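Engineer: Before I ask anything, here is the structure I am working with.
The values are calculated or read from the model by the stated rules, or taken from the named source; none is laboratory data. These figures come from a predicted structure and were not determined experimentally. Quick reminder, even Gly has a Cβ in these numbers, built from the backbone with ideal geometry, and neighbours come from all protein chains shown. These accessible areas exclude ligands, DNA and RNA; they are computed on the full protein's heavy atoms, side chains included. Shrake-Rupley method; radii C 1.70, N 1.55, O 1.52, S 1.80 Å.
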Amino acid sequence: MTKLRKTKFMMGMTTTIAATLVLGRLASVLAAQTADSPDGYRWVDTPGKYVELQYGNQPVLRYMDEPYDGSTPERHAQTYKPYYHVFSPDGSRLLTKGDTGGLYPHHRGMFYGFRKVTYGDGKHCDIWHCLEKAHQSHARILSQHASAESANQVVAIDWHGSQGEVFAHEERAVAVSRKPDGLQIDFSSHLETADDRPIHLDGDPQHAGFHFRAAQEVADKTATQTYYLRTDGKGELDETRNWEEGGDAAMNAQCTNRPWDAMSFVLGDQRYTVLYIDHPDNRKPARYSERDYGRFGSYFVTDVTPEKPLDVRYRIWVQEGEMTVDECNAKANEFVESGMQ
């Protein structure tokens, strides 16, 4: 990843963390260092499985970094993408789906990928469903930091084509902070071609981009209680809006370049709301997908070249109960105004 380390990697951090990471500085100064706060956040490693962010003794976020294993179809399916599990703001339960089967087993926590990828000399792969030998693999942790107020992590991930060959290098970062009313997670990614050849990323709103998938319990038991809150107000229970190729023009316009989207769902006897904020500097058009079983997000079509790597930023906000349009607008404005200093 020599070229990658020479490129400026931009990410949204909390107010106590710098918003820009320079990769050369990461390599020389942070080289996998870990700093924890005994009175606040700490990173706890379960080697070969995951690294968990805890606040005190409560789990907050879990980076699933099990090494890729292509020895059998079952092991391929279990290990073909790193992702993040998200816990409830009070740490009492897991809010996201993992690799344990269920409806659409390739959906896992907070995840990022594309169904239609063209790379190399016109090769194709699907790094969303991870068909054939295509997959994403955790390479290493570049940095971790934790304090009383916030925590962040930067990891290196390789993207592999249909025959397992590496065609792209990614640096993925999260910055986490708990607020009195919820949990804030900033997700950032910087993607570069591994061989100086262009990469074309495509798909559709259901099978590409950055997405959040709620726990399997939503699909199994409470999907009819899911609703979406949008800039035009609260939707009906079990009602979704989706961009579709060749679909209704008015609906597609509603589902394009939303500044934010919020999903409200039920686990056990508790309702949660997850707010998804798309930074305006991300590539556009952004086309949105919503599903009542708890998966939502957006995607775009783009090219990645040596001269133009891909940088994206998103903010996920998680809280118990419901939210209003005004509250979502305020949090979206706060994210945008935080800037890239």
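Engineer: Can you list the strands (runs of 3 or more DSSP E) lying wholly within the range 128-191 that have 2 or more residues being open to solvent by less than 10 Å² (accessible area, probe 1.4 Å), in contact with a Ser or Thr (Cβ under 7 Å, 6 or more places away or on another chain) and of a type in the set (D, E, K, R)?
Structural biologist: 166-179
Table: residues versus (1) buried (at least 24 other Cβ atoms within 10 Å of the Cβ); (2) among the basic types (Lys, Arg).
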residue	(1), (2)
ALA253	no, no
ARG258	no, yes
ASP269	no, no
THR273	no, no
ASP281	no, no
TYR299	yes, no
GLU307	no, no
LEU310	no, no
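Engineer: Going by the conditions given, is ALA223 of a type in the set (A, V, I, L, M), open to solvent by less than 50 Å² (accessible area, probe 1.4 Å), at pLDDT 95 or above and not in a strand (DSSP E or B)?
Structural biologist: Considered against the rule, which asks whether it is of a type in the set (A, V, I, L, M), open to solvent by less than 50 Å² (accessible area, probe 1.4 Å), at pLDDT 95 or above and not in a strand (DSSP E or B), ALA223 comes out as yes.
Engineer: Considering only strands (runs of 3 or more DSSP E) fully contained in the range 238-330, which possess at least 3 residues that are at positive phi?
Structural biologist: By residue number, no strands (runs of 3 or more DSSP E) qualify.
Engineer: Being farther than 20 Å from GLY109 by Cβ, modelled with pLDDT of 95 or more and either of a type outside the set (Val, Ile, Thr) or in contact with a strand residue (DSSP E or B) (Cβ under 6 Å, 6 or more places away or on another chain) (or both) is true for just one of LEU229, LEU275. Which residue is that?
Structural biologist: LEU229 is the lone residue from the list that is farther than 20 Å from GLY109 by Cβ, modelled with pLDDT of 95 or more and either of a type outside the set (Val, Ile, Thr) or in contact with a strand residue (DSSP E or B) (Cβ under 6 Å, 6 or more places away or on another chain) (or both).
Engineer: Assess whether THR324 counts as being over 25 Å from PHE114 (Cβ atoms) and at pLDDT 95 or above.
Structural biologist: yes
Engineer: Do the conditions hold for ARG313, that is, is it of a type outside the set (Gly, Ala, Ser), at pLDDT 95 or above and in contact with a Gly (Cβ under 6 Å, 6 or more places away or on another chain)?
Structural biologist: yes
Engineer: Here is a further query. Looking only at the range 21-58, which residues are of a type outside the set (Phe, Trp, Tyr), closer than 12 Å to GLN153 by Cβ, at pLDDT 90 or above and open to solvent by less than 30 Å² (accessible area, probe 1.4 Å)?
Structural biologist: VAL51, GLU52, LEU53
Engineer: Further question on the same structure: With respect to GLY91, determine if the residue is under 19 Å from THR46 (Cα atoms) and of a type in the set (Gly, Ala, Ser).
Structural biologist: yes
Engineer: Select from the range 226-251 the residues that are open to solvent by less than 40 Å² (accessible area, probe 1.4 Å) and within 26 Å of ARG93 (Cβ to Cβ) and list them in ascending order.
Structural biologist: If the condition is that a residue be open to solvent by less than 40 Å² (accessible area, probe 1.4 Å) and within 26 Å of ARG93 (Cβ to Cβ), then THR226, TYR227, TYR228, LEU229, GLY235 are the ones that fit.
Engineer: ASP204 - would you say it is part of a loop (DSSP other than H, G, I, E, B), farther than 28 Å from ALA330 by Cα, of a type outside the set (Gly, Ala, Ser) and in contact with a strand residue (DSSP E or B) (Cβ under 8 Å, 6 or more places away or on another chain)?
Structural biologist: Yes; evaluated as a whole, the condition is true for this residue.
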